[in-house]
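Only one structure is covered here, and it is reproduced in the block below.
The values are calculated or read from the model by the stated rules, or taken from the named source; none is laboratory data. From a predicted model like this one, the values you see are computed outputs, not experimental measurements. With ideal geometry, Cβ positions are generated from the backbone for all residues, glycine too; neighbour counts draw on all protein chains shown.
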């Protein structure tokens, strides 16, 4: 067996390659998917591959892997690299604790609980709140849905679903809502998609109308998912008004803040979550706006009893010492669970709550710079709104699907497209807090230069986008 | 914002602390859970903590975090550290790709698919097989259950559960089966726990009797979970015989190999999975017997259509280039998904399939050494059986609950207890492939010395274990 010290040396050597590549080629050398297996030796064989040959394959893989930490990656609701969070996650790999018991995780339990406690304070939840670290935003939403279902139909956990449960989310919300309804045994047809206003926010009046209609038809309103940062536009549903309705009809209110829930850290932007303390559960992903490595998703629950009721379990072989408060497996979906907390804790500890606030505020400032640029340049059309770090636009009426794909295939910059109502557009996300004004302006320059050198694009006026 | 290079230097420095601690104090300095927050400064505050102060807190955390990689950690179904797998996982942190699309994961997609393809070959699944990397063994079982449910009741995905579905697992199987039945809307009361024989294996005749009884009573048999390595004894259910019954009654057969499914790599031990190719799905955790960092769980599905039917989704904002075969988000529970494949690939690539086989065989050899030691020493009573790397025993009739807790509280060694039928005992697991015969014999010496110095333990004859 090989030795950890020599592999740590190899790691450091490969990281040097990576960091140098990131500055030389911020967009990685792309391999066409159909040529992947002939371009790289990814094969697993009976015999080992060692020494220089192994190192070379790893270098090739690193060089051709999409670079998500650079200033030309804008494709996803994450990007960049917060080095103090990286430090924590590298340590988590070395420590390799499983988070289910204090016996095996020790102080890492306290690290996770401190994040949860401080987050609950920021949200304004009371002394009975708690939470856990699910594996991502979809799982956070799923855990919320399961709790809602179980609190409305407590027998369900034991005898299965017997009632006609219906759930609510906006038409602009994340697709996990549909999958989760299926997984939970509720069914995709029992989701009511509530219309959004012109800025992509759920219309509370439409929600109430639908709930009344459902009650009249014998359905049981169970769960409403409000979104803090919709996937495409980054819109915030009006939580306070939705909470009035959820209260009135006794429906579980979950706020999906996977994308933008991190505004809890910003005095300036926290108003976008007005009413958040009235929700039953709230989730946010530190691997999005706060830049930790994947994944770092947190769900907070106003009444921890609900978390325990739906997710606890008895397992004598596992829970052998210390109490439930320190044995976190009692409130998680998983059994063995990776330590996703340490990376967020090292970041938070080292920059302080104020430092996290600066990151969030900086992203909104970058968004303003991008929006101003688009607004002030007649070659662009803007499709998104204030109070969001998604900047949606088209350039010179070029079909955005064609343009994004061309930018990607030619390794100019990595950015995606999105749709809202009848429009399709490029979606730039200013989520990399290491970016500066210069980086954002450079993005537009890269795009404009690319188009200037690709005259065929200008003739592609909105053809495929009309089809979407 | 801090700089990645200086944080990598800090990482290397802290790893030196960790590795030195592991050899000096293989059992970490334990902090009583009730004194945790006063012993360590885990607090998150408005202001940053930087420089030496930050480094000191990190060192304190590292020193007191349970050491899972040492030769005195036997508490869990994982342990030790395979350095080539660590290398891959550290790189995954640096690369930070999300595995949903080829556009963002690139060659990492091929790395994941190569593992899945080779694993399917080892299992003997056909050309229509595929798989994915769930977040752990519980989630693997859950995905299998959802597929079983959806294939028996295809309308369920759309309209919710409408049928009286029942599922089967042995009384010695993992507790996730109960949780999963609840999550899936089936209900814990609709699980039938099938009796096991004296060695902890499901009795096929009892399974068939129960299925017939359920059909007679109007229930719909939907899913049988067979276990390859039960949590306590490490027993293997007789898959081939269970497959006969599953075939006959058209019930989905899932094999939960979280603990010991990795015997697919061992020519000597693969017979324990006889009939595995007849299952509908099979999962194994490379973070258990194969020693990768947490988590690395793989589910393989004989007919990939089932995976797609239950887990696919449409999301134009996400799937923009390349085909479904390269956009792995179409077959995962999650949306954003951490790269859990690279660590297993770096290990497999560098030691070869033959190297993985040696790891597995070595663990069985260590188990034989431990079992022989217990058998040949009249102070010990053995409770487990051959064909398993769990060695269950008691020593001098001392209550195992008391003894394990005392060993832990005095930092002698970390080991847990378990129960089977009416007995409770210590469960030693020889899952750390870096251990040698000497390490295993040392474990017994540590235990014996500890007892010799703790005369009060000998009077604790099986008191609390009788209560369990």
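Miscellaneous remarks
- Flag if residue B:119 is touching a residue at least 12 places away in the same chain (Cβ under 8 Å) and either within 30 Å of residue A:78 (Cα to Cα) or outside any helix (DSSP H, G or I) (or both): no
- Put simply, of B:93, B:104, B:109, B:86 the only residue that is out of contact with any helix residue (DSSP H, G or I) (no Cβ under 7 Å at 6 or more places or on another chain), in a helix (DSSP H, G or I), within 9 Å of chain A (Cβ to nearest Cβ) and at pLDDT 95 or above is B:104.
- Scan of region B:65-81 for residues that are touching a helix residue (DSSP H, G or I) at 6+ places or on another chain (Cβ under 8 Å) and more than 7 Å from every other protein chain (Cβ to nearest Cβ), ordered by number: B:67, B:70, B:71, B:72, B:74
- Scanning region A:403-421 for residues that are touching a helix residue (DSSP H, G or I) at 6+ places or on another chain (Cβ under 9 Å) and under 27 Å from residue A:201 (Cβ atoms) yields A:415, A:416, A:417, A:418, A:419.
- Filter pass, residue B:188 being on the phi < 0 side of the Ramachandran plot, out of contact with any strand residue (DSSP E or B) (no Cβ under 9 Å at 6 or more places or on another chain), within 14 Å of chain A (Cβ to nearest Cβ) and in contact (Cβ under 8 Å) with a residue 12 or more places away in the chain: no
Residue by residue, here is whether (1) more than 30 Å from residue B:45 (Cα to Cα); (2) at pLDDT 95 or above; (3) surrounded by fewer than 20 Cβ atoms within 10 Å (Cβ to Cβ); (4) within 11 Å of chain B (Cβ to nearest Cβ) holds:
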residue	(1), (2), (3), (4)
A:341	no, yes, no, yes
A:349	no, yes, no, yes
A:357	no, yes, no, yes
A:373	yes, yes, yes, no
A:404	yes, yes, no, yes
A:417	yes, yes, no, yes
A:424	yes, yes, no, yes
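- In this entry, residue A:329 passes the filter for residues that are part of a helix (DSSP H, G or I), crowded, with 24+ Cβ neighbours inside 10 Å and over 18 Å from the mean Cα position of the chain (by Cα).
- Qualifying position, being out of contact with any helix residue (DSSP H, G or I) (no Cβ under 6 Å at 6 or more places or on another chain) and on the phi > 0 side of the Ramachandran plot, among A:275, A:291, A:257: A:291
- Scanning region A:154-181 for residues that are more than 9 Å from chain B (Cβ to nearest Cβ) and buried (at least 20 other Cβ atoms within 10 Å of the Cβ) yields A:166, A:167, A:168, A:169, A:170, A:172, A:173, A:177, A:180.
- From A:207, A:145, residue being in contact (Cβ under 8 Å) with a residue 60 or more places away in the chain, more than 9 Å from every other protein chain (Cβ to nearest Cβ) and either buried (at least 23 other Cβ atoms within 10 Å of the Cβ) or closer than 30 Å to residue B:65 by Cβ (or both): A:145
For every residue, the table says whether it meets (1) touching a residue at least 60 places away in the same chain (Cβ under 8 Å); (2) surrounded by 19 or more Cβ atoms within 10 Å (Cβ to Cβ).
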{"residue": "B:385", "(1), (2)": "yes, no"}
{"residue": "B:388", "(1), (2)": "yes, yes"}
{"residue": "B:393", "(1), (2)": "no, yes"}
{"residue": "B:400", "(1), (2)": "yes, yes"}
{"residue": "B:409", "(1), (2)": "yes, no"}
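Let's see how each residue does on (1) more than 17 Å from residue A:266 (Cβ to Cβ); (2) touching a strand residue (DSSP E or B) at 6+ places or on another chain (Cβ under 9 Å); (3) in contact (Cβ under 8 Å) with a residue 60 or more places away in the chain:
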residue	(1), (2), (3)
A:351	no, no, yes
A:361	no, no, yes
A:404	yes, yes, no
A:430	no, yes, yes
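- Filter pass, residue B:16 being closer than 30 Å to residue B:447 by Cα and in contact with a helix residue (DSSP H, G or I) (Cβ under 7 Å, 6 or more places away or on another chain): no
- Screening residue A:255 with (1) within 14 Å of chain B (Cβ to nearest Cβ); (2) touching a strand residue (DSSP E or B) at 6+ places or on another chain (Cβ under 8 Å); (3) closer than 25 Å to residue A:75 by Cα gives one miss only, at (1).
- Hey, residue B:138 in contact with a helix residue (DSSP H, G or I) (Cβ under 9 Å, 6 or more places away or on another chain), in contact (Cβ under 8 Å) with a residue 40 or more places away in the chain and not in a loop (DSSP other than H, G, I, E, B) or not: yes
- In region B:254-274, the residues that are touching a residue at least 40 places away in the same chain (Cβ under 8 Å) and in a loop (DSSP other than H, G, I, E, B): B:258, B:259, B:260, B:266, B:267, B:268, B:269
For (1) crowded, with 24+ Cβ neighbours inside 10 Å; (2) over 17 Å from residue A:361 (Cβ atoms), each residue gets a yes or a no:
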position	(1), (2)
A:213	no, yes
A:253	yes, yes
A:259	yes, no
A:276	yes, yes
A:281	yes, yes
A:294	yes, yes
A:299	yes, yes
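- Candidate set: region A:1-28, residues that are assigned to a helix (DSSP H, G or I), more than 10 Å from chain B (Cβ to nearest Cβ) and under 30 Å from the mean Cα position of the chain (by Cα); chosen: the one surrounded by the fewest Cβ atoms within 10 Å (Cβ to Cβ): A:24
- Conditions (1) crowded, with 24+ Cβ neighbours inside 10 Å; (2) in contact with a helix residue (DSSP H, G or I) (Cβ under 9 Å, 6 or more places away or on another chain); (3) assigned to a helix (DSSP H, G or I); number of the one not met by residue B:62: (1)
- Region B:205-228, residues that are touching a helix residue (DSSP H, G or I) at 6+ places or on another chain (Cβ under 7 Å) and under 30 Å from residue B:416 (Cβ atoms): B:207, B:223, B:224, B:225, B:226, B:228
- Members of region B:150-164 found to be touching a strand residue (DSSP E or B) at 6+ places or on another chain (Cβ under 6 Å) and in a helix (DSSP H, G or I), listed by number: B:152
- Qualifying positions in region B:29-54 - more than 7 Å from every other protein chain (Cβ to nearest Cβ) and in contact (Cβ under 8 Å) with a residue 24 or more places away in the chain: B:29, B:30, B:39
- Hey, residue B:45 under 24 Å from the mean Cα position of the chain (by Cα), over 30 Å from residue A:62 (Cα atoms) and modelled with pLDDT of 95 or more or not: no
- Taking the criterion of being within 24 Å of the chain's Cα centre (by Cα) and either more than 8 Å from chain B (Cβ to nearest Cβ) or surrounded by fewer than 20 Cβ atoms within 10 Å (Cβ to Cβ) (or both), the residues of region A:304-320 that qualify are A:304, A:306, A:307.
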